[in-house]
Ligand SMILES: Nc1ncnc2c1ncn2[C@@H]1O[C@H](COP(=O)(O)OP(=O)(O)OP(=O)(O)O)[C@@H](O)[C@H]1O
Ligand SMILES: [Mg+2]
């Protein structure tokens with residue numbers, strides 16, 4: 001973080017801790033705690049999601065993965081903790097983040113077309129009132145093309161299959177032209193071809209210097225898809241490069257032994 005940015009942040013009245021302020025890390029969480037009731041869903045979590053990398057957030061159902069992402073984005077309030085994005089408070093860096101929510105949490109019945117959904121990703125650039133120029137519409141179409149959905153531009157979003165909807169929301173994220181992509185289970189319920197299409201797009205984003213963070217359940221593809229892992233079960237269990245952190249010991253600690261011997265045996269050679 002530059003001295004100027006630190007000064008602006010200080011003038012803005014938001015304190016940034018020295019550790020976060022020193023970092024140009026795409027996303028840093030410090031001591032994040034979130035609670036919906038008495039028991040915290042996420043407790044005192046620290047994380048540093050690296051640049052030029054794909055990070056998997058891994059943990060069992062109910063571990064707090066979606067909650068952590070939503071709290072990082074400020075979509076839900078946190079009890080405590082600090083979030084910084086590229087070294088500044090998130091409020092100053094919203095236009096650098098694209099977020100694709102978990103599919104089950106989206107109302108797919110809203111009456112809008114596929115191209116409209118993708119163009120929503122462009123509004124931040126032109127303002128909500130400004131008319132989208134022809135160039136912007138062309139850009140939205142290109143993003144649809146990148147996910148193989150150009151032929152569906154004028155279809156109602158609710159009339160697509162689940163996997164097709166997932167591709168459209170990825171196209172919207174691409175339209176945002178962000179530097180940090182947060183995706184909550186982008187591969188949930190999609191077929192092998194769609195999974196391949198999505199991973200190819202995400203790998204291309206990474207090779208263009210973007211940071212990609214995805215909640216991911218399929219342990220068998222972690223080594224192939226990701227560079228970095230963050231293991232969570234309410235608390236942070238482990239975080240680091242896949243080679244050193246995606247270990248059977250850490251997985252056991254994350255899933256509380258609930259993966260079972262058969263599943264663990266299948267992962268032998270996948271996790272070391
Ligand atoms: N809006 C809510 N109100 C109350 N409790 C909630 C709410 N959203 C989530 N929870 C609870 O918080 C905990 C964490 O939920 P969260 O959705 O973050 O888990 P997750 O790791 O994303 O799980 P999954 O793999 O099933 O998507 C769970 O116990 C869940 O029941
Ligand atoms: Mg979730």
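Which members of the stretch 71-91 meet the condition of being within 22 Å of residue 205 (Cα to Cα), surrounded by 21 or more Cβ atoms within 10 Å (Cβ to Cβ) and within 16 Å of ligand 2 (Cβ to nearest atom)? Residue satisfying the conditions is 72 alone.
Among the listed residues 158, 121, identify the single one that is surrounded by fewer than 18 Cβ atoms within 10 Å (Cβ to Cβ) and at pLDDT below 90. One residue alone meets the criteria, 158. Screening residue 54 with (1) modelled with pLDDT under 95; (2) away from ligand 1 (no atom under 15 Å from the Cβ) gives one miss only, at (1). For the stretch 102-118, the criterion of a residue being closer than 17 Å to residue 184 by Cβ, in contact with a strand residue (DSSP E or B) (Cβ under 9 Å, 6 or more places away or on another chain) and away from ligand 2 (no atom under 16 Å from the Cβ) is satisfied by no position.
Selection of the stretch 206-218 for residues being surrounded by fewer than 20 Cβ atoms within 10 Å (Cβ to Cβ) and either touching a strand residue (DSSP E or B) at 6+ places or on another chain (Cβ under 9 Å) or more than 26 Å from residue 248 (Cβ to Cβ) (or both) yields 206, 207, 208, 209, 217. In this structure, residue 214 does not qualify as at pLDDT 95 or above, touching a helix residue (DSSP H, G or I) at 6+ places or on another chain (Cβ under 6 Å) and in a strand (DSSP E or B). Residue 190 satisfies every condition listed in (1) surrounded by 19 or more Cβ atoms within 10 Å (Cβ to Cβ); (2) touching a helix residue (DSSP H, G or I) at 6+ places or on another chain (Cβ under 9 Å); (3) in a helix (DSSP H, G or I) except (3). Entry remark, the stretch 20-52: residues being over 15 Å from residue 87 (Cα atoms), in contact with a helix residue (DSSP H, G or I) (Cβ under 8 Å, 6 or more places away or on another chain) and assigned to a strand (DSSP E or B) number 5 in total. With 170, 182 as the choices, which residue is outside any helix (DSSP H, G or I) and surrounded by 23 or more Cβ atoms within 10 Å (Cβ to Cβ)? Matching residue, one of 170, 182: 182. Residue count for the stretch 49-64 under the criterion of being touching a residue at least 24 places away in the same chain (Cβ under 8 Å) and surrounded by fewer than 19 Cβ atoms within 10 Å (Cβ to Cβ): the result is 5.
Take the conditions (1) modelled with pLDDT under 90; (2) farther than 23 Å from residue 205 by Cβ; residue 94 misses just one of them, which is (2). Only one of the numbered conditions (1) outside any helix (DSSP H, G or I); (2) crowded, with 19+ Cβ neighbours inside 10 Å is not met by residue 165, and that is (1). If you go through the stretch 11-44 and keep only what is more than 22 Å from residue 179 (Cβ to Cβ) and either at pLDDT 95 or above or within 16 Å of ligand 2 (Cβ to nearest atom) (or both), you end up with 31, 33, 34, 35, 36, 40, 41, 42, 43, 44. Considered as a group, the residues in the stretch 53-69 that are part of a helix (DSSP H, G or I) and within 9 Å of ligand 2 (Cβ to nearest atom) include one that is nearest to residue 83 (Cα to Cα), and that residue is 69. Looking at the stretch 247-259, is at least one residue part of a helix (DSSP H, G or I) and within 16 Å of ligand 2 (Cβ to nearest atom)? The answer is yes; a qualifying residue exists. Quickly run through the stretch 61-74 and pick out the residues that are more than 7 Å from ligand 1 (Cβ to nearest atom) and more than 13 Å from the chain's Cα centre (by Cα). Passing the criteria: only 74.
The values are calculated or read from the model by the stated rules, or taken from the named source; none is laboratory data. These numbers come from a predicted model, not from an experiment. So basically every Cβ, Gly included, is an ideal-geometry build from the backbone, and we count neighbours across all protein chains shown.
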